[in-house]
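The values are calculated or read from the model by the stated rules, or taken from the named source; none is laboratory data. Everything numeric here is computed off the predicted structure, so don't read it as measured data. Backbone-built Cβ (ideal geometry, glycine too); neighbour counts: all protein chains shown.
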Amino acid sequence: MNPRIRLLVLALVAVLPIIAGCRQRMADQPYYRPLDQADFFPDQRSARPLERGVIHRGQHLETDPMVTGLTREEWLRAYEYEVPAKVEAAPISDPEKVKRAIGAPRYDPRIATNPKVFVEEYPFAITQDDLKRGQERFTIFCAECHGPLGNGQGKIWERGYLQPTSFHTKKVSPTEATVTNPQGLGMSRGYSLWGIPIAMDQVPIGYYFEVMTKGYGGMPSYSAQVPPEDRWRIIAYIRVLQMSQHTDPSKLPPAVQKLLPGAGGKK
């Protein structure tokens, strides 16, 4: 055999194990199982927390009212607060605890000088199609508990479940059952915990969004079932339900006023 060919064969035989080893390490790389201990990091946690502000592509920023219902000013207040090394439990009346309770209904929206927590405007323009979509989603996800008129007397409540808060401060049907509510008919239960008596037709729309997103009391979170855009559409439809029952006729468009009884319209 040619000496050159012999040398090439010997070299190839010597290199083959190295190539195979590299290939094996690349195909079967070392990895950590969930919650495995890691010696590389000082805290020995293999599962690394995301850096603040990290989002995946296409995700809304946490400061975006579209996905939180909170004002940008509220998030700025949250970022200004630095969590101390040791947080001592404070009573609910502690002003500092109230100040740090990001997203809590700690202000009365009827008082203009109070800092805004929840948004009071929709993050996008609501059209007729949006209202129809909101009505459809409300019927699917909300009416079984809240009732088709939003009075908190849906079929689930009729079968013994907790009664949701009515969206109205007056009965919307002569056959509506009388239910004792410590806060009063149509009064917000969440705001009542903070000593703010306010009706559901006066709370900011951002409060509705947060309750739908995180849940409240016997109501679970609907963030997995209803995307953010549809949550806003449902809220818009709830506002329509409220307006349909107790709206000042003078605030309606002239074309709609003509349809009211006693105005020469339909009876």
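Things worth noting here:
- Of the residues making up region 206-218, one or more are acidic (Asp, Glu) and closer than 27 Å to ILE126 by Cβ.
- Search result, residues across region 215-230 that are more than 16 Å from GLY147 (Cβ to Cβ) and either touching a residue at least 40 places away in the same chain (Cβ under 8 Å) or among the polar types (S, T, N, Q) (or both): GLY217, SER221, TYR222, SER223, GLN225, VAL226, PRO228, GLU229, ASP230
- Extreme residue, modelled with the highest pLDDT, among residues of region 77-118 that are under 19 Å from GLY206 (Cβ atoms) and small (Gly, Ala, Ser): ALA112
- Figure legend. Inter-residue proximity from region 179-197: first residues more than 17 Å from PHE118 (Cα to Cα), second residues loosely packed, with under 13 Cβ neighbours inside 10 Å, beta-carbon distance below 6 Å, spacing 6+ or different chains. No pairs are indicated.
- Which numbered condition ALA224 misses (of (1) hydrophobic (A, V, I, L, M, F, W, C); (2) within 27 Å of VAL117 (Cα to Cα); (3) assigned to a helix (DSSP H, G or I)): (3)
- Hey, TYR237 under 25 Å from THR71 (Cα atoms), in a loop (DSSP other than H, G, I, E, B), hydroxyl-bearing (Ser, Thr, Tyr) and touching a Phe, Trp or Tyr at 6+ places or on another chain (Cβ under 7 Å) or not: no
- Selected residue (criterion: farthest from the chain's Cα centre (by Cα)) from residues of region 133-151 that are over 15 Å from ARG239 (Cα atoms) and buried (at least 17 other Cβ atoms within 10 Å of the Cβ): CYS145
- Note on region 37-76: residues that are more than 30 Å from VAL203 (Cα to Cα), touching a Lys or Arg at 6+ places or on another chain (Cβ under 9 Å) and not small (Gly, Ala, Ser) amount to 2.
- Residues satisfying the stated conditions in region 150-190, i.e. closer than 18 Å to HIS246 by Cβ and of a type in the set (A, V, I, L, M, F, W, C): PHE167, VAL172, LEU185, MET187
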